[in-house]
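Asks: Below are the structure tokens for one structure; questions will follow.
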Amino acid sequence: MKNLVIIPTYNEIENISKICRAVFALKEEFDILVVDDGSPDGTADEVKHLQEEFAGRLLLLERSGKLGLGTAYIAGFRKGLDLGYDYIFEMDADFSHNPSDLPRLLRACTDEGADVSVGSRYCNGIRVVNWPLGRIMISYGASLYVRAVLASGVHDSTAGFVCWSRKVLETMNLDAVGMKGYGFQIEMKYTAKKMGFKIKEVPVIFVNRVEGSSKMSGSIFGEAFWGVLALRFRKFK
């Protein structure tokens, strides 16, 4: 069984080495694919340096600029499928997702029958650390909005800590995924649900980044808001 963790990066020089080492230190074996969108701070160069130490387990996909979170993951999914990985994960570089939770997400698929597992902040109360109250309200409110509009049953539709089984990504039409920001997370989960795949939420604690800067913006929220309404009326084969 081959497992790949995709980590999209833009200016994550403070975090990338530490997050890679944390993943490689796990008892279970996870490879890493860093998808870097032309970080001017040298993130990609740091990954190349690390590749000398973790040959064959640390992969790098360099892109020419900031092309969006969704397109980074789509490119990573395709690379992972081409290389024969069985389970492909989404994870942030900034330790907001705890690498030690990766085996829990994996077991939800391998042992508990899920096709997709989600590291969820909201399936068992609100499990967020060091976020301003206003951001918690926006994030949690967005999750309530998505559940109301799409009736997906997923408590944390915008979560970016996800395990995808190979069969889900092979079955989905990745070319049809339209949203590029955090709406991408909503669209992927909703599409999987509508196609009949089983999604299981695994409660995790989300910790706000300590180093580096957030990539959140108003346009990202706008895309997600209107994109959810469009999803409600999409036809799924």
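The values are calculated or read from the model by the stated rules, or taken from the named source; none is laboratory data. Keep in mind that this is a model prediction, so the values were computed, not measured. Note that we place each Cβ from the backbone using ideal geometry, even for glycine, and neighbour counts take in every protein chain shown.
Asks: Looking only at the range 57-75, which residues are out of contact with any strand residue (DSSP E or B) (no Cβ under 9 Å at 6 or more places or on another chain) and modelled with pLDDT of 95 or more?
Replies: I74 - this is the single residue of the range 57-75 that is out of contact with any strand residue (DSSP E or B) (no Cβ under 9 Å at 6 or more places or on another chain) and modelled with pLDDT of 95 or more.
Asks: OK, next. Between a residue in the range 138-167 that is closer than 22 Å to A93 by Cα and assigned to a loop (DSSP other than H, G, I, E, B) and any residue that is acidic (D, E) and at pLDDT 75 or above, which pairs come within a Cβ distance under 7 Å, given they are 6 or more apart or on different chains?
Replies: What qualifies is D156/E201; G160/E90; G160/D92; F161/E90.
Asks: Let me ask another. Output yes when any residue across the range 8-24 is in contact with a Cys (Cβ under 8 Å, 6 or more places away or on another chain), closer than 27 Å to R166 by Cβ, surrounded by fewer than 19 Cβ atoms within 10 Å (Cβ to Cβ) and among the aromatic types (F, W, Y), and no when none is.
Replies: no
Asks: Could you check the range 53-83 and list, in sequence order, the residues that are more than 15 Å from the chain's Cα centre (by Cα) and within 23 Å of K198 (Cβ to Cβ)?
Replies: Matches in the range 53-83: L81 only.
Asks: Tally time: how many residues in the range 101-141 are in contact with a helix residue (DSSP H, G or I) (Cβ under 8 Å, 6 or more places away or on another chain) and of a type outside the set (D, E)?
Replies: Selection size over the range 101-141: 12.
This table checks each residue for (1) within 15 Å of H155 (Cβ to Cβ); (2) outside any helix (DSSP H, G or I); (3) at pLDDT 65 or above.
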{"residue": "G181", "(1), (2), (3)": "no, yes, yes"}
{"residue": "V202", "(1), (2), (3)": "yes, yes, yes"}
{"residue": "R209", "(1), (2), (3)": "no, yes, no"}
{"residue": "S219", "(1), (2), (3)": "no, no, no"}
{"residue": "L231", "(1), (2), (3)": "no, no, yes"}
